[in-house]
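Participant: Sharing a structure, written as structure tokens. Questions coming.
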Amino acid sequence: MYSRLTKPPSKKSFFLFGPRGTGKTTWVKTTFLNSVYIDLLEAELFNDLTANPQRLEKFIPRDFRDWIVIDEVQRVPDLLHEIHRLIEFKKYHFVLTGSSARKLRRRRPNLLAGRALTLSMHPLSVAELGGDFKLEHSIKYGHLPAAHGEAAPEKYLEAYVRTYLEEEIQQEGLTRNLSAFARFLEAASFSQGSVLNISSIARECHVERKTVESYFSIVEDLMIAYRLPVFSRRAKNRPAAHSKFYFFDAGVYRTLRDPWIRSKKSMLGGLRSFLGDYPMASAYFVYMKSRRMHDNEIEIVPAQQMLKSLPQVLSRDK
């Protein structure tokens, strides 16, 4: 449990947005101890409020004056109409958490017309980690809270990526082609910190450019990535240039970036060219993971395995 720097506004309803796993639920439960807590991941509550959002008031005790927390509010966008009414006429104070603002903005673009502030929950900062901050660990596994509490952070991050594919993307119906979106996530990871070339990523994923543009909108709405626009001192003389792209957490980026799904074909181009000239040769691509794979005639070998087997390989080739 880490102490977060986020502070709630004084008696003012607010949204708290952030990717899954950043600690929103833990923070609201420890910060608002006397709140009415409504979790829309509970199937019964979700069904009741989806069928009739006005039932929300029935879950709030009469004369209640503390905070009302609604977790994962984006699951029932029509609740915003009822929340708006209760803020206006009952003077209730709401904490509305969500891992996506996509559906909410479609229904209510102004998000309660200024009656609620908007805060964000990010992965842990260096200040929040305190003495637990280790640069090597942060670069490799990022700053999601569970990545610092799990015994096997690598397995947690792989499960985290699958969760987004299976739950956030598939269940919310954000795209019909989940395999194409998975290819997009991996291809996009090779643009981390680089000037964004959407056409190149579309070619890599074998999908249309417009589809890739919609995928970028999805990951931005889910807050797992963002684009950094080009800096210009004079907006009127803005140069024609592309923005840069970043995933929100180093651990998530590395999980997508490392070839545990498949190896990026452009990285193997040099070996393929070599084999074209020397077809009798054996080709090895050495990388820093633990899974051995192959891409046609190229063996993809973990560095540790290669180093251990190197004496036998040299002896065999003599």
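Participant: Extension gain S214-R162, at 0.36 nm per residue separation less the Cα-Cα distance, in nm?
Facilitator: So the chain would gain 16.7 nm between S214 and R162.
Participant: Putting +1 on Lys and Arg Cβ atoms and -1 on Asp and Glu Cβ atoms, find which of F190, T26, Y160 reaches farthest to the positive end of the dipole of the chain.
Facilitator: Result: F190, furthest along the dipole toward the positive end.
Participant: Another question, if that's okay. Roughly how tilted is helix 178-189, in degrees to the nearest 10 and between 0 and 90, from the longest Cα axis of the chain?
Facilitator: 70
Participant: Could you tell me the calculated FRET efficiency between S10 and N47, based on Cβ-Cβ distance and R0 = 30 angstrom, to the nearest 0.05?
Facilitator: In this case the efficiency is close to 0.30.
Participant: The chain: D in µm²/s via Stokes-Einstein (Kirkwood Rh, Cα pairs, 25 °C, 0.890 mPa s)?
Facilitator: 108
Participant: Need the full-extension length gain, D66 to R227, defined as separation in residues times 0.36 nm minus the C-alpha distance. One decimal, nm.
Facilitator: Extending this stretch completely gives an extra 54.2 nm.
Participant: For a protection proxy built on the mean count of beta-carbon atoms within 10 angstrom, sort 139-150, 281-292, 15-26 highest first, please.
Facilitator: 15-26, 139-150, 281-292
Participant: How much length would be gained if the chain were fully extended between E88 and I139, taking 0.36 nm per residue of separation minus their Cα-Cα distance, in nm to one decimal?
Facilitator: 13.8 nm
Participant: Another question about this same structure. Given Cα pairs under 8 Å that are at least 6 residues apart, what percent is the relative contact order of the chain?
Facilitator: The normalised contact order for the chain reaches 15 percent.
Participant: Extending each Cα 7 Å along its Cβ direction at Q304 and V286, get the distance between those two points in nm, one decimal.
Facilitator: 1.6
Participant: What does the net charge come to around Y2 if you take all other residues with beta carbon closer than 9 Å to its beta carbon, with K and R at +1 and D and E at -1?
Facilitator: Counting the neighbours of Y2, the net charge comes to -1.
Participant: Compute a Gaussian network model of the chain, connecting alpha carbons closer than 10 Å, and tell me which residue from V95, V252, V301 fluctuates the most.
Facilitator: Residue with maximal mean-square fluctuation among V95, V252, V301: V301.
Participant: For the chain, what does -39500 (n - 2.57) per DSSP helix run (n ≥ 4), summed and divided by total residues, give at 222 nm, in deg cm²/dmol to the nearest 500?
Facilitator: -11000 deg cm²/dmol
Participant: If you don't mind, there's one more thing I want to ask. Report the charge-dipole magnitude of the range 14-122 in Debye, nearest 20, computed about the Cα centre from +1 at each Lys and Arg Cβ and -1 at each Asp and Glu Cβ.
Facilitator: Around 440 debye, computed over the range 14-122.
Participant: A follow-up question, please. Select from the range 24-84 those chymotrypsin sites (Phe, Trp or Tyr not before Pro) which occupy a DSSP coil region and have at most 16 other Cβ atoms within 10 Å, ordered by residue number.
Facilitator: Taking the range 24-84 and a limit of 16 other Cβ atoms within 10 Å, the loop chymotrypsin sites (Phe, Trp or Tyr not before Pro) found are F64.
Participant: Then there's this: Would you mind checking the pairs K11/K140; K103/K140; K7/K210; K12/K103; K24/K90 and listing those with alpha carbons more than 31 angstrom apart?
Facilitator: Violating the 31 Å limit, Cα to Cα: K11/K140; K103/K140; K7/K210.
Taken together, the values in this text are just the output of simple stated rules run on the coordinates, not laboratory data. Model, not experiment: these values are computed from the prediction. Heads up, the Cβs are rebuilt from the backbone with ideal geometry, glycines too, and the neighbour counts pull from every protein chain shown.
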